[in-house]
Structure formats: C-alpha cells, structure tokens
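So the structure is just underneath, and the comments pick up after that.
The values are calculated or read from the model by the stated rules, or taken from the named source; none is laboratory data. Owing to the predicted nature of the structure, the values given are computational and were not obtained by experimental measurement. We place every Cβ from the backbone using ideal geometry, glycine too, and count neighbours over all the protein chains shown.
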Amino acid sequence: MGYGLWAEKKRSPPPLLTTHNPQPLEFRLPGGGEVPHGRGMDELLTPRLRLRRWRQTDLEPFAAMNAAPAVMEYFPSRLDLEETRLMIGRIEAQFERHGFGLWAAEAPGVADFVGYVGLSVPAYETAFTPCVEVGWRLASQYWGKGYATEGARAALDYGFGTLGLKEIVSFTVPANQRSRAVMERLGMTRDPSEDFDHPRLPGGDPLRRHVLYRLAAPTDITKGTESAAT
C-alpha cells in the first residue's frame, strides 16, 4: 500500500522536516465535499503508541526499514537513504497541504521509531480517487504486536471524527495477507469487482493487481456531522 508516495521518489520534495503546520489547502472529495480541518493534528496518542510528525532522527531507522526485504516484499523496489529522505519530504508536504498525513510511530518505552501509520491522499487517478487512504509500514521486529491495528484505528477515528470524512480506503496486493488481515480487523470490506491495476506500475508487473478495501464513517458520526451543518 502507499505506492503513491513511493512512486514519486524522483520528484524534488520540500525540506525534510518542518517546525510549523500552517493552514492546509482545500481538499475536495467526490461530489464536491471538502475535508473540514483547521491547523491539523501533529500528534495522536494511543495506549501504546505516539503518532507524531517526523524528526531528523527518524531518517536512519526508516531507511533501514525501507531497505529490508521482508518489509518491502510487496513494493516494487527497496529505497536507499536518499530515496527515504525524499519520501519523508513528501509525507511532510501532505501534512502542510492537508493538515494530516502518515505519522511517524514510536512506542514509548520500547522504541523511538517503529514505522509509520496514518492517512494519505493518493496522487494518481483510479476509479475510486480522489480519496483518503489509511496506511502503515512497520519494521519487522514490531510485527505481530498489534501496533498497525492500534495506530490505524486512531487514524480512522481522527479521519472520521475530526476531519469528517465519509469514507476511508486501503489497498494492497492480493498476496499481502498480513496487511489484508489488519484491514479486516479494522472492519474494512472488499468488493472483488473493485480490484484494480495500480496505475503507477506497468503491465505485466506481478505487483500491479491490487485489492481495495473500504470503510464508511460510523452512522452516529455522519448523523452528527449532518446535524451540525443544518
């Protein structure tokens, strides 16, 4: 998942890290809706995780993660240090533009950096875009601990409860059973008729075919949003 940021690795990003979070730009969803937000959220806390903006000290452990064959099994290639630096720049650019993004994840008392979890806006066109995607990538030593599910639930709560999103999606290759299991634990569902070929991957690439999972906002949240607007 998250090939949008991966595939733009050759584009020049803004500076690696920022120290402020200005008013995000307007972001429109299908049907003309907008994501309501103010200055955005720099940090989310869960019982075991701190999801926060990126720091300079995250670069080396993130690069090591992006070079690990197990972590990058379902991505077209691994990333080196400079490509990882560029990716962090693109992640931070989404925070500046939208007020949300892929937060760096730390597990206090365990590790200062375990990977990332958060929300992103795919930068390509498919049948289901524009949309907001929930995504995650963790170093393999932190797999199997429930961190991805815990962090993704916090990101979904923020997307639905604070941003007022009506739907959030996620996607991966069919063989990525680990990520698909997380999507299903989150309550996301797949319609096989919506499986798609990733537009950033060429025909014949074994990773091109993807499965799409969707999750609609809880009814009580959408009713509250509609009441507030009337």
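Report, by residue number, each residue of the stretch 52-80 that is among the small types (Gly, Ala, Ser) and either closer than 20 Å to residue 174 by Cβ or in contact (Cβ under 8 Å) with a residue 24 or more places away in the chain (or both). Lay out the reasoning, then the answer.
First pass over the stretch 52-80, keeping only residues among the small types (Gly, Ala, Ser): 63-64, 67-68, 70, 77.
Within the stretch 52-80, 64, 68, 70, 77 qualify.
For the stretch 60-68, check the following and say yes or no: at least one residue is in a loop (DSSP other than H, G, I, E, B) and under 21 Å from residue 145 (Cα atoms). Looking for residues that are in a loop (DSSP other than H, G, I, E, B) and under 21 Å from residue 145 (Cα atoms), one finds at least one in the stretch 60-68, hence yes. All conditions in (1) within 15 Å of the chain's Cα centre (by Cα); (2) of a type in the set (A, V, I, L, M); (3) within 25 Å of residue 63 (Cβ to Cβ) hold for residue 169, with the sole exception of (3).
Restricting attention to the stretch 81-125 and to residues that are over 19 Å from residue 63 (Cβ atoms) and of a type in the set (S, T, N, Q), the residue that is modelled with the highest pLDDT turns out to be 120.
The residues of the stretch 139-166 that are more than 16 Å from the chain's Cα centre (by Cα) and part of a helix (DSSP H, G or I), listed by number, are 140, 141, 142, 161, 162.
Filtered by the rule that a residue be assigned to a strand (DSSP E or B), of a type in the set (D, E, K, R) and farther than 20 Å from residue 180 by Cα, the stretch 94-138 gives 106, 112. Looking only at residues in the stretch 168-217 that are touching a residue at least 40 places away in the same chain (Cβ under 8 Å) and part of a helix (DSSP H, G or I), the one that is surrounded by the fewest Cβ atoms within 10 Å (Cβ to Cβ) is 194.
The single condition among (1) under 13 Å from the mean Cα position of the chain (by Cα); (2) on the phi < 0 side of the Ramachandran plot that residue 125 does not meet is (1). Scanning the stretch 26-76 for residues that are of a type in the set (Gly, Ala, Ser) and modelled with pLDDT under 95 yields a count of 5.
Given the structure, is residue 71 in a loop (DSSP other than H, G, I, E, B), in contact with a helix residue (DSSP H, G or I) (Cβ under 8 Å, 6 or more places away or on another chain) and either among the polar types (S, T, N, Q) or closer than 23 Å to residue 154 by Cβ (or both)? Working first, answer last.
Values: in a loop (DSSP other than H, G, I, E, B): yes; in contact with a helix residue (DSSP H, G or I) (Cβ under 8 Å, 6 or more places away or on another chain): yes; either among the polar types (S, T, N, Q) or closer than 23 Å to residue 154 by Cβ (or both): yes.
Spelling it out, residue 71 is indeed in a loop (DSSP other than H, G, I, E, B), in contact with a helix residue (DSSP H, G or I) (Cβ under 8 Å, 6 or more places away or on another chain) and either among the polar types (S, T, N, Q) or closer than 23 Å to residue 154 by Cβ (or both).
The residues on offer are 130, 47, 61, 122, and the sole one that is over 30 Å from residue 216 (Cα atoms) and either of a type outside the set (D, E, K, R) or buried (at least 19 other Cβ atoms within 10 Å of the Cβ) (or both) is 61. If you go through the stretch 110-137 and keep only what is of a type in the set (Asp, Glu) and touching a Leu at 6+ places or on another chain (Cβ under 8 Å), you end up with just 133.
Evaluate the following for residue 81: is it over 17 Å from residue 158 (Cα atoms) and either among the hydrophobic types (A, V, I, L, M, F, W, C) or crowded, with 23+ Cβ neighbours inside 10 Å (or both)? Reasoning before the result, please.
On the way: over 17 Å from residue 158 (Cα atoms): yes; either among the hydrophobic types (A, V, I, L, M, F, W, C) or crowded, with 23+ Cβ neighbours inside 10 Å (or both): yes.
The answer is yes for residue 81.
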